[in-house]
Amino acid sequence: MTFNKYLIAVASGAILSAPLSAATIYKNDAQEFNVGGRVEVRGNLTDGEYTDKSRVRLNVNGKNKLNEDLTVFGRYEFEIKENKDDNEANLTTRHLYVGGDTQFGTVIYGHQSNAVTYLTDFTDVAETFGGYINENTATSSDRSKNTLRYIYEADALTFQVSGTQNANDNADGFGVMAAYKISPEVELAAGIASSDQEYDNGAEKRQSDSYMIGARYSKDNVYLAATGMTGNISAAGIADSDFVAADAYAGYYFGEDNGNLVNIGYSYYSADDIASLETNFVAVEYARYVGNFAVYGSYKLALNNDMSAGDRENELQLGARYGF
Amino acid sequence: MKLWNILSIAMACCISSQVLADIQLTMPSQVKLQLVNGEKSSSVSPLLLKNGQNQIAFRYQDRYRVGGDDVFYSSDIIIMTFAGKDDNYVMSVPKLTSQAERDAFNEKPSISLKDSQSQNVVFEQGKLLKNGMQFDRDLVAEMKDYNLTSEPASLQQRVTIITTPGTQSEVDVAGKMLDYWYQKADQKTREQFKLRISQ
C-alpha cells in the first residue's frame, strides 16, 4: 500500500453501518427458533381525508432438522390494527403453517402463500402502492388458508403447485407456477390459478381463472419487474367476466448500504363487466432504510376509471416502520 | 543528533499507523463485522489491519423486499483467517436473491478474497456457533475458545503468508517515507539532515 493510498484510506474514513438484526432466540445443531415482526405507523390522505393505517405484525417460527433427509418447520404470524372509532384492535392471521423440507422438495400445509405468489411477488415490492392485481380470487392472492403447497427448486428452476379447500368465501381451487432464471439477472415465470368461490354472502358460487406471466431483472442497484394477467373473474351477480391486468415496477437503490430507494410502478386491471375492480394508476415512492428502521413516502396518481381508492382518487401515504 | 530525533519522532507520529496497519481490507456492505482479531468491532470498510495473520468474524446481513414484506437475513457468524502484507485486499460475497440461496450460503458460505492484483488470496474460514439461547453471546470469549481448537480458521493453525509480486517490503516503505519527508523539508532542514547522515 502506498503512502498516498493509505492517506486516502484514512481520509475517506470508516463507512459505518447501522446494525441490522433478526431475532434468533434459540439455536443448536438441529433446531432454531426465531421471533420477528414490525411496528408500522402509516398515514393516508385520500380526497382530503386523513386515515390512520398503522399496524403491528408479529411472527414466531422455527425449524427442526429431524435427520439428514427431513427438516420440519412451522410459522405463525398475525397482524393487529386498531379500530377506527375505538381502542379495540382487530387481529388477523397472515401465516399459520407447518411444512417439511426434503431433497425431493418442500411440502407445506396451512395459511400461507399460494403457488402463483412467487410470480405475483415479482412486482409486489413497493412499500405502498402496487401488487394489487392478483388479490381478486382466493388462489391467486398473496395468501390463502387451508392450502397444501409443494415447492421444487433446482438450480435455475422453481416449480410450485398448490391446492385450496374451504378457504375464505368457501373457496376451492388450485394454482401452478414455474419460473426459470435464464441468467443470474433475469427470471421468467408463468402460472395458472383457478378459484371456485362464493359471492353475495354465499348466494352464488362461481369459478374464476387467471393465466399469468412475469419477468424480473435484477442487477447491481436496479430492479425491474412486470407481470401480466388475463382470464375470467366473477362477482356478485356476474359470472365469467373477461379481464386483463398488468403490473410494472422499477426501483433504484442508492447511497450508503443502498439504503435509499426510489421507485415507480404502474397497475392496471380491467374486467368487462365489473367496474368496481377497475385499477389504473401510476405510483412513485421514496424509501429510506437505516438498519431495522424504514421511513417512506408514496404518491399514487389515479388515471382513467381507477377505482382502487374510490372514483379516480389520488393518494398520499407516509409511513415509518421498525422491523426485526 | 537532536535534529535526527525530532525528524524521527515526526516521522514516527505520521507513519506509525502505516507501520502497524499495512493491510487495507475492503468489504461489501452486507458484511457486518463482529470481531477483529478477537476484539469487538463495528462494521468499518475499509478495515485497516496489521501485517501478518488476521482473523475477522462477521455476519452476512441484508434486507430483502419479498411480497411487500421485509425479510431480514442474518447468517451465522463466519470466521475468516488470512495472512497478508502491505496490500489492499477486497472481500466479496454473492448477491443472495432467494431464500434457497440464503439458506445455501448459510450452510456453506462462498466468500472470495483478492489482493490488489486481483489474485485470489488463500484464507481459512469457519463458523462461530453457540448452542442454546442466543441472547447475550460473549463473542470475545467464544472466539478465545474457538482459537484453542483445531478448526481450520483457528489461530492454532498455521496460515501461510501470501506475498504477491510487487508487494512492497518494509524497507521500500521506509525509503518512500524518507523521500517524502525530505521533499517536504525546507532547504535549511535538508542541509542539516545531509550533514547529520554524512557524519
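For this structure, a couple of remarks:
- Here A:159, A:104, A:293 are placed in order of increasing Cβ neighbour count within 10 Å, fewest first, which gives A:104, A:293, A:159.
- Semi-axes of the equivalent ellipsoid for segment B:23-162, Cα gyration tensor, largest first, Å: 25, 19, 13
- Summarised as an ellipsoid, segment A:225-293 has semi-axes of 35, 11, 9 Å, derived from the eigenvalues of the Cα gyration tensor scaled by 5 and square-rooted, with the largest first.
- Trypsin sites (Lys or Arg not before Pro) lying in DSSP loop within segment A:33-68, provided at most 15 other Cβ fall within 10 Å: A:53
- Top of A:283, A:248, A:89 by mean-square fluctuation, Gaussian network on chain A, Cα under 10 Å: A:89
- With q set to 0.22 Å⁻¹, the log10 of I(q)/I(0) for segment A:267-309, from the Debye formula over equal scatterers at the Cα positions, is -0.70.
- Working note: Cα gyration tensor of segment A:76-205, eigenvalues times five, square-rooted, sorted largest first, giving semi-axes of 27, 18, 16 Å.
- Paramagnetic reach from residue A:240 in segment A:127-145 [backbone N under 17 Å; point 7 Å along Cα→Cβ]: none
- Out-of-range pairs (alpha-carbon distance over 25 Å; input B:50/B:108; A:65/B:108; B:50/B:95): B:50/B:108; B:50/B:95
- Where N is the number of residues in the protein assembly as shown, Cα Rg divided by 2.2 N^0.38 Å: 1.22
- Listed by Cβ neighbour count within 10 Å, with the fewest neighbours leading, A:97, B:182, A:109 appear as B:182, A:109, A:97.
- Note on segment A:22-323: the alpha carbon radius of gyration divided by the globular reference 2.2 N^0.38 Å gives 1.03.
Throughout, read-outs are computed from the coordinates displayed, never taken from laboratory work. Being a predicted model, the structure only gives us computed values, none of them experimental. Cβ atoms come from the backbone with ideal geometry, glycine included; neighbour counts cover every protein chain shown.
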